[in-house]
Amino acid sequence: MAVSLRYIRERTFLQTEIDKLMQAIGGGLTDGTAYDTAWSARLALRYPGLGFEASVEWLRRHQHEDGTWGANLLHYHDRFISTLAAIVALAEVGDQPGDRRRIQRGEQALWQYVGRLGRDDSDTIGFPALSAGLAQEATALGLDVPMPPSRYADKYNQRVHHFLNNPQRPWRDTLLIFSFDALHRAYRPGDQVLDGNHSVGISPSATAALLLHQHEPRAITYLRQIIAAEGTGATPHVLPIDTFEAAWTINLLRSVGAITPDDPAVQRALATLAGAWSPAHGVSFSSYRLVSDVDDTAAAFSALRWGGFDVNADVFAHFEMEDHFACHIGETNPSLSAMVRLLSVVRHCHEHPKHDLWVKKLVSALYQHDGNGSFWWDKWHASPYYVNSTALSALHGIDDGLAYSRFKWILRTQRADGGWGYYDASTPEETAYCLLGLLYWDEYVEQVDAFVLQNAATFLMKRFNDERYEPLWIGKCLYTPHYPVRAAILSALFAYFNRRW
């Protein structure tokens with residue numbers, strides 16, 4: 001009886017936390033990053049007294065012992081681009097005696113890290129143009145920095161060249177708007193770059209880059225508000241991500257039975273998705289973005305269908321390529337997690353005339369990228385646990401052999417502390433994904449060792465009150481979409497304590 005009462009208490013507590021989470025989502029919260037903070041810091045001299053000085057102070061306080069800036073977990077592209085942005089900012093606006101030493105340590109670290117960029121499976125977004133542009137600015141400021149090599153540079157630079165030579169230059173209709181900070185030197189007065197919330201591509205760094213050229217009071221207000229909301233001087237990486245936040249949170253929580261469609265907070269989040277939905281193109285990760293992607297579209301489709309909305313799978317034809325599905329039209333390399341997520345949705349659309357064809361195409365594409373036979377990497381997340389844990393339920397009953405190889409890799413890589421983590425230490429986010437995948441396997445495929453599940457749940461409970469999570473999501477640097485990560489942790493624990501004992 002004591003055991004049962006404990007689980008009842010845990011479930012009640014978790015349900016309260018889940019209700020709080022559903023009430024909180026809506027604005028698309030992301031934690032501050034060194035990369036975006038460096039761009040805001042560059043505005044301190046141009047716009048004195050408006051709060052950008054706090055970003056400079058944040059940079060001074062957050063240099064790593066090795067001289068770099070960036071996430072605590074070591075992802076070389078993130079550390080390189082964040083450090084390059086930070087030393088450019090300090091060279092422009094730093095006025096303390098210690099700033100020169102900070103810059104020198106950053107320069108030294110860049111030379112140490114440039115040869116290690118190939119160790120990352122995925123580049124950060126826009127790395128070819130962003131790193132080249134910042135390196136040129138650093139050199140112009142008299143800094144000694146290396147010019148970084150980059151994968152996919154040829155395709156990316158071709159796209160940039162084609163766009164910049166377009167007389168119309170429709171910035172908001174292209175993915176390049178998010179990386180405007182790489183291209184801000186090509187900005188021409190009259191270019192239409194502001195979104196409806198007065199940001200550039202809902203990117204604080206891109207917005208700051210515009211302000212280096214043009215005084216735009218509404219853009220200044222956008223930056224000041226989000227820096228003030230963060231409260232530390234740090235600048236969030238992307239804001240708002242309202243559609244992404246709503247879709248991910250709903251799907252994680254509904255998958256374990258933690259929410260119902262008739263809850264007012266859930267209905268509010270579903271209304272956000274429905275308002276952004278296009279039957280022809282789906283959605284983007286923000287209601288302010290014009291360029292849709294299959295990842296958010298699949299997640300929104302799944303949530304809206306569950307919520308009773310009339311959505312049609314025809315929308316996925318917009319992203320269909322000859323041998324795979326593109327996450328974004330015109331992307332330089334495919335996203336495995338987007339195709340896994342799409343498979344998890346399409347497999348249930350039996351009524352659609354292309355159901356069998358699409359399932360076969362998605363599985364075939366996953367095999368094409370199955371280089372090691374145990375796990376995949378993905379370009380949107382630095383941890384392979386993100387995509388492979390989702391694959392367990394997506395592939396079960398469709399290709400059980402492929403699913404089993406992912407299951408075995410997850411099972412065999414649990415750490416001694418009960419968690420999972422690809423970068424030297426367990427993290428709550430990665431552990432939550434793995435626990436969710438293993439609980440699915442335990443319920444629908446075969447029994448999983450109870451101690452494996454218990455140790456994972458114990459790890460999550462010990463870290464339950466963490467207010468910050470390790471940045472693992474790949475943008476222009478590593479960042480954290482706070483509420484979707486929180487939803488994963490709550491969903492995993494709710495599912496664990498909701499098991500039949």
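We did not get these values from a lab; they are worked out from the coordinates using the rules stated. Since the structure is predicted, the reported quantities are computational estimates derived from the model, not experimental observations. Cβ: placed from backbone, ideal geometry, glycine included. Neighbour counts: every protein chain shown.
For segment 101-249, a crude dipole built from +1 on the beta carbon of Lys and Arg and -1 on the beta carbon of Asp and Glu, taken about the Cα centre, is about 320 debye to the nearest 20. Backbone geometry of segment 482-495 corresponds, through the Karplus equation with coefficients 6.51, -1.76 and 1.60 at θ = phi - 60°, to 3J(HN,Hα) couplings of 4, 6, x, 5, 4, 4, 5, 5, 5, 5, 5, 5, 4, 5 Hz, x marking Gly and Pro. Globularity index of segment 217-305 is 1.23 (Cα radius of gyration / 2.2 N^0.38 Å, N = number of residues). Computed from the alpha carbon positions, the gyration tensor of segment 129-201 leads to an equivalent ellipsoid with semi-axes of 24, 15, 11 Å, biggest first.
Would you work out which of Tyr187, Ala91, Thr480 lies farthest towards the positive end of the dipole of the chain, given +1 charges on the beta-carbon of Lys and Arg and -1 on that of Asp and Glu, about the Cα centre? Final value for the positive-end residue is Ala91.
Relative contact order of segment 42-194: what whole-number percent is it, with Cα pairs under 8 angstrom and at least 6 residues apart? Relative contact order comes out at 20 percent. From the Kirkwood radius over Cα pairs of segment 1-106, Stokes-Einstein at 37 °C and 0.692 mPa s returns a whole-number translational diffusion coefficient of 200 µm²/s. Among Phe464, Phe319, a tally of other beta-carbon atoms within 10 Å of each Cβ gives an order, fewest to most, of Phe464, Phe319. Divided by 2.2 N^0.38 Å, where N counts the residues, the Cα radius of gyration of the chain comes to 0.96.
Ranked for footprinting exposure by Cβ neighbours inside 10 Å, fewest first, Ile398, Ile410 give Ile398, Ile410. This model, with +1 at the C-beta of Lys and Arg and -1 at the C-beta of Asp and Glu, gives the chain a dipole about its Cα centre of some 460 debye. Among Phe407, Ala303, Ala457, whose Cα projects farthest towards the positive end of the dipole of the chain, with charges put on the beta-carbon of Lys, Arg (+1) and Asp, Glu (-1)? Checked the options; the winner is Ala457. Extension gain, Thr413 to Ala140: 0.36 nm times the residue separation minus the Cα-Cα distance gives 93.6 nm.
The gain in end-to-end length when the Asn372 to His355 segment is fully stretched comes to 3.3 nm, 0.36 nm per residue minus the alpha carbon separation.
Only alpha carbons enter this Debye calculation for segment 272-358, each as an equal point scatterer, and the log10 of I(q)/I(0) it gives at q = 0.17, 0.20, 0.22 Å⁻¹ is -0.63, -0.89, -1.09.
Over segment 32-233, the reciprocal of the mean inverse Cα-Cα separation, the Kirkwood hydrodynamic radius, stands at 17.1 Å.
Take the Cα of His281, step 7 Å toward its Cβ, do the same at Leu164, and the gap between the two points is 2.5 nm.
Note that segment 358-374 has calculated 3J(HN,Hα) couplings of 5, 4, 4, 5, 5, 5, 4, 5, 5, 5, 4, 10, 8, x, 10, x, 10 Hz, one per residue in order, obtained from phi through the Karplus relation 6.51 cos²θ - 1.76 cosθ + 1.60 (θ = phi - 60°); glycine and proline are x. The alpha carbon radius of gyration of segment 161-233, expressed as a multiple of 2.2 N^0.38 Å, is 1.11.
Listed from fewest to most Cβ neighbours within 10 Å, the set Glu467, Glu92, Glu430 follows the order Glu467, Glu92, Glu430. Couplings 3J(HN,Hα) for segment 381-395, derived from phi with the Karplus relation 6.51 cos²θ - 1.76 cosθ + 1.60 (θ = phi - 60°), are 8, 6, 9, x, 5, 4, 7, 6, 5, 5, 5, 4, 7, 5, 9 Hz, where x marks Gly and Pro. Near Leu478, the amide H atoms lying under 5 Å from its own belong to Ala71; only residues 5 or more places off or on other chains count, and H is placed 1.01 Å from N. Here segment 412-462 is assigned +1 on the Cβ of each Lys and Arg and -1 on the Cβ of each Asp and Glu. Its dipole about the Cα centre then comes out at about 140 debye.
Residue separation of Asn333 and Asp466 scaled by 0.36 nm, minus their Cα-Cα distance, works out to 44.5 nm of gained length.
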